[in-house]
Amino acid sequence: MVSVIHSVAAQSNFDQFLATLCEGVSPEEAGRIRAAVEYAWEVYGDKNLGSGERIWSHALGMALIIAGLRLDAESRIAAVLFAIPSHVEHAVTHIEEKFGKAAAHLVHGISRLNRLRPITKGFVATNIESDETNPAEMKAQVEVLRKMLLAMVEDIRVVLLRLASRTQTLRFYAANPDDLRVPVARETLELYSPLANRLGVWELKWELEDLSFRFLHPETYKKIAKMLDEKRSEREQFITDAVAKVRSELRVCGVEQAEIYGRPKHIYSIWNKMRKKGVEFSEVYDVRALRIIVDDLKDCYTALGIVHNLWVPIPKEFDDYISNPKGNYYRSLHTAVRCPDGRSLEIQIRTWEMHRHAELGVAAHWRYKEGSKRTSEDSYDEKIAWLRQLLTWKDEVTDSSDWVKHYKQAALDETIYVITPQGRVVDLPQGATPVDFAYRVHTDLGHRCRGAKVGGQLVPLNTPLETGQQVEIVTAKVGGPSRDWLNPSLGYIHTKSARTKVRAWFANLALEETLAEGRAMIGKELQRAGQTSANIDDLAQKMGFTRADDLYIAAARGDLQLRHFQTVARGGDLAAENQAPDTVTARPSKPVEGNQGILIVGVDKLLTQLARCCKPAPPDEIQGFITRGKGVSIHRADCSNFANLAALHPERVIETDWGTQTTGVFATDIVVDAHDRQGLLRDISEIFTKEKLNVVGVNTQSKQGKAHMSFTVEVGNLQQLQRTLGLIHDIEGVVGVRRA
């Protein structure tokens, strides 16, 4: 160690530093800490950080802060070695070999958190002063960043190391003014000091806030400091005297078990209260404050009486939150009194149960202190309470390994936090992929997603993301999602919201295709009727539809009698048409017995049969083709086979239509495309059973996880068929379903 001691001329008492750094650890651990200091000096030398501070000085300052928090030897070693990964190849492995796995794990955690620095700095420092920034959105982003700091590490000690590092940076800027200190201070107030508050690290919180406030508002800081016309030590002596006086009076009244403590208000807290309440310095009554904690409820009011007897109560400054708890069920007695020398004193009185609830309960007192309302989320707050409890409990245990074990169990790992290229933090459930990320940012970004870069490297779209990663989505100018994204076995989508948006896109696509098909059919019918210039909206209303799109959809789905539409298009009366005989021409026609109510124009008692190629069913538009020896074969008008036959033998085409007395059932084919899974055929069969459809043929094929199924079923009408198709489409894994 001689070389180190002589090399560090700026360190006034290096032996004292080492003694302080090794307080509370075993001789063996002290030896490891000394070895870490020696190793750090060899690596750091005279190198500087981006702030201008020497890495060596920063490491020693960090280590002293960590020792002051009474963290274990591994934490102190990690503080000394925090910058080694930036200067040594395979540093984590090297540290593990020299100083153990635990210390290496902490150093690796610090490195991960340090990757956040340019992102948080860019977000907070750039956006906080922008007129275009939404304050609520900015506050939400900072809140996500706080959670991200905790979630990025498996060991909460890494967050404490990060807080210690930020405190040391502010101390350096206090002694060495620099332009960077303003954005760093702003970031500290938005991110690090609230985090220190939530974890109950009060010493760091107060220092972080006061130094940041000093850099951001130097004139106001000096003004308040001047108004505090007494030194901090004198204020602390005032609190000490007040504590002794109250304790003595409580004992006289028989209250022996009472915890009384106080701490002068720090400058940032005073300014914050003046700003929020819109009051002058003289009206801030809690510049000096006491807290009294007793065993019983009755002792609370006994203590209140003693306080009001000792000093003069200040009017309108008494609040009984025991009888009237706050919205977050915070309970305590608050009062402010005036002392004989004119100085004010705020006093809070509560029982231990109230104190535990305020400090550690689900209501989370630190939420109240930060001005946030209680929400129903609060598993996050419960975990913060657990972490905060551990920080207090560590002072009571002798086996530090037990404390470390509990800390490692306190990781917040239910949510991951990833970052957009613009620095926005996006929270997602564990297991989310780049596709989930894209849809979380914007629906259109998800639809056009074609690839993803994580940390600048292209990755498959089904790659699970991790906290702290920067994700960039590669998009196409046009297009939509892939049907493969809906296949659970491929792992492209993890979140329900993304899956819903993909399904909605395909549903909308199917609707667009249906509209296009219906629009073409209506256009064709208008051409037949010689009414191509007719107003479609008017015709739709005459047919009983609200808008033209409804008319198109009905036509495409077979719910529209095209013959009726032609009548209306020509200016005819639909009511009269409905009362007229159900024929397509003026020539006599009537249903043929045994032919399922099919009308053959101008022909009676003619044998008919439904074509197997297209399996027509009412109210499909149909045409007849006279066969040789088998009567008339009935085809759907859009049947490709019929089109070929009609082109070859137009003289055999005969006009046909469904009669008004159509009865019986009609065979039709249903084709289903789906992602293959166990129970898929069973689920589809249940739909057929529910709809009372008789299945007369089944053909299924499965290849590479995709299923292609064809069913021949007997239906009574097209409406029943359309309803069945809709029910099948809603089955999990079904990509498409159609009538063949």
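List of remarks:
- Only one of Arg76, Arg166 that is within 30 Å of Pro429 (Cβ to Cβ), at pLDDT 85 or above and not in a loop (DSSP other than H, G, I, E, B): Arg166
- Residues in region 452-473 that are within 26 Å of Lys706 (Cβ to Cβ) and within 21 Å of the chain's Cα centre (by Cα): Ala452, Leu461, Asn462, Thr463, Pro464.
- Residue pairs whose Cβ atoms lie under 7 Å apart, separated by 6 or more positions or on different chains, with the first residue in region 61-89 and in contact (Cβ under 8 Å) with a residue 40 or more places away in the chain and the second in a helix (DSSP H, G or I) and of a type in the set (Lys, Arg), are Gly61/Arg171; Ala63/Arg76; Ile66/Arg76; Ala67/Arg76; Leu71/Arg157; Ala73/Arg32; Ser75/Arg157; Ile77/Arg32.
- Extreme residue, nearest to Ile473 (Cα to Cα), among residues of region 427-443 that are hydrophobic (A, V, I, L, M, F, W, C) and surrounded by 20 or more Cβ atoms within 10 Å (Cβ to Cβ): Ala438
- Residue list for region 258-279, filter: modelled with pLDDT under 85 and hydroxyl-bearing (Ser, Thr, Tyr): Tyr268, Ser269
- Qualifying residue in region 232-244 (condition: modelled with pLDDT of 85 or more, among the polar types (S, T, N, Q) and in contact with a Phe, Trp or Tyr (Cβ under 9 Å, 6 or more places away or on another chain)): no
Listed here are the residues, each with its yes/no results for (1) touching a His at 6+ places or on another chain (Cβ under 9 Å); (2) among the charged types (D, E, K, R); (3) modelled with pLDDT under 80; (4) at negative phi.
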| residue | (1), (2), (3), (4) |
| --- | --- |
| Phe281 | no, no, yes, yes |
| Leu297 | no, no, no, yes |
| Val337 | yes, no, no, yes |
| Glu353 | no, yes, no, yes |
| Ala358 | yes, no, yes, yes |
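- Filter result (more than 21 Å from Leu21 (Cα to Cα) and either over 34 Å from the mean Cα position of the chain (by Cα) or β-branched (Val, Ile, Thr) (or both)) within region 78-89: His87, Val88, Glu89
- In region 318-335, the residues that are outside any strand (DSSP E or B), among the polar types (S, T, N, Q) and modelled with pLDDT of 80 or more: Ser323, Asn324, Ser332
- Search result, residues across region 687-722 that are free of Cβ contacts under 8 Å to residues at least 24 places away in the same chain and within 37 Å of the chain's Cα centre (by Cα): Lys703, Gln704
Quick grid of which residues meet (1) aromatic (Phe, Trp, Tyr); (2) closer than 26 Å to Gly733 by Cα:
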residue	(1), (2)
Val459	no, yes
Pro481	no, yes
Tyr492	yes, yes
Thr500	no, yes
Leu509	no, yes
Ala529	no, no
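- Scanning region 445-466 turns up at least one residue that is among the hydrophobic types (A, V, I, L, M, F, W, C), surrounded by 13 or more Cβ atoms within 10 Å (Cβ to Cβ) and part of a helix (DSSP H, G or I).
- The number of residues in region 686-701 being of a type outside the set (Val, Ile, Thr) and surrounded by 14 or more Cβ atoms within 10 Å (Cβ to Cβ) comes to 3.
- Region 166-177, residues that are under 29 Å from the mean Cα position of the chain (by Cα) and not basic (Lys, Arg): none
- In this structure, Pro85 qualifies as in the same structural domain as His108 (by TED's automatic domain parsing), over 16 Å from Arg157 (Cβ atoms), modelled with pLDDT of 85 or more and crowded, with 18+ Cβ neighbours inside 10 Å.
The values are calculated or read from the model by the stated rules, or taken from the named source; none is laboratory data. Here the structure is a predicted model, which is why all the values come from computation and not from measurement. Glycine gets a Cβ as well: all are built from the backbone with ideal geometry, and neighbour counts include every protein chain shown.
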